[in-house]
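Computed from the coordinates by the stated procedures, all read-outs in this text should not be read as laboratory data. Worth saying up front: this structure is predicted, and the values here are computed from it rather than measured. Because the Cβ atoms are built from the backbone with ideal geometry, glycine has one as well, and the counts that use them run over all protein chains shown.
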Amino acid sequence: MRRLSTLLVLLATTMACAAQAAPRPDWRGTLEDELPLLGHRNWILIVDSAYPLQASPGVETIETDAPQLEVLRHVLGAIDRSVHLRPDIFVDRELAFVPEEDASGISSYRRELQAALGGYAVESLPHEQLIGRVDEAGRTMHVLVLKSRIAVPYSSVFVRLNCRYWSDDAEKRMRARMAKGEAADR
């Protein structure tokens, strides 16, 4: 009987340990591991705590449990240090229209965000349009969503990755030559 009790206690302990949730992935490690694999048309999002969990197959969401601007600075620094990527940055157009009386602290946040994004070209688009772009990209491309602790409306930052060694202007010139049937010098 005593052996049976001991066995049951051990079994219960083992099952309880197995039932515990898996540890959260380390977002910094995930970014470091995935960044060399990411390229043109992939996305990295640094989002607020209420950003929806998207169901597109290519969308991976990680809870960072970190301040949003800290995550943003880390992501942009990693992209800047890469040899193959440059960021195309988008923010919610709605952010500029949210008044302080409806979201205390938003004016301060906008200033801090502007400082964090200084030196980068930033495009503002409606939130639903950005979510739609991410949803569509997630059907065929990988999208890394890093959820932060911030609880400020329309504070998500969307980073579409682009090729560092091929500019938008070079692409336009090449497409124009293709349309004319003019091959490059051989």
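Among the residues making up region 46-64, those that are touching a Leu at 6+ places or on another chain (Cβ under 6 Å) and part of a strand (DSSP E or B) are 46, 60, 61, 62. For region 75-85, taking the residues that are touching a residue at least 40 places away in the same chain (Cβ under 8 Å) and out of contact with any helix residue (DSSP H, G or I) (no Cβ under 7 Å at 6 or more places or on another chain), the one that is nearest to residue 113 (Cα to Cα) is identified as 76.
Taking first residues from region 115-130 that are touching a residue at least 24 places away in the same chain (Cβ under 8 Å) and partners that are part of a loop (DSSP other than H, G, I, E, B), the Cβ contacts under 9 Å between residues at least 6 apart in sequence or on separate chains come to 127/154; 127/156; 130/156. Selection of region 44-54 for residues being touching a residue at least 60 places away in the same chain (Cβ under 8 Å) and either surrounded by fewer than 17 Cβ atoms within 10 Å (Cβ to Cβ) or of a type outside the set (Phe, Trp, Tyr) (or both) yields 44, 45, 46, 47, 48, 49, 50, 52, 54. Among the residues examined, residue 139 qualifies as touching a Gly at 6+ places or on another chain (Cβ under 8 Å) and either crowded, with 19+ Cβ neighbours inside 10 Å or of a type in the set (D, E, K, R) (or both). Among the residues examined, residue 57 qualifies as under 18 Å from residue 142 (Cβ atoms) and exposed (fewer than 12 other Cβ atoms within 10 Å of the Cβ). Apart from one condition, residue 41 fits all of (1) loosely packed, with under 14 Cβ neighbours inside 10 Å; (2) at positive phi; (3) not aliphatic (A, V, I, L, M); the exception is (1). Here residue 81 meets the list (1) touching a strand residue (DSSP E or B) at 6+ places or on another chain (Cβ under 8 Å); (2) surrounded by fewer than 16 Cβ atoms within 10 Å (Cβ to Cβ) almost entirely, failing just condition (1). The one condition from (1) assigned to a strand (DSSP E or B); (2) farther than 15 Å from residue 55 by Cβ that residue 133 does not meet is (1).
Screening the candidates 152, 159 for the property of being on the phi < 0 side of the Ramachandran plot, assigned to a strand (DSSP E or B), touching an Asp or Glu at 6+ places or on another chain (Cβ under 8 Å) and aliphatic (A, V, I, L, M) yields one hit, 159. Taken together, 144, 113, 95 contain a single residue that is in contact with an Asp or Glu (Cβ under 8 Å, 6 or more places away or on another chain) and surrounded by 11 or more Cβ atoms within 10 Å (Cβ to Cβ), which is 144. Of all the criteria given as (1) at positive phi; (2) in contact with a helix residue (DSSP H, G or I) (Cβ under 6 Å, 6 or more places away or on another chain), the one not satisfied by residue 65 is (2).
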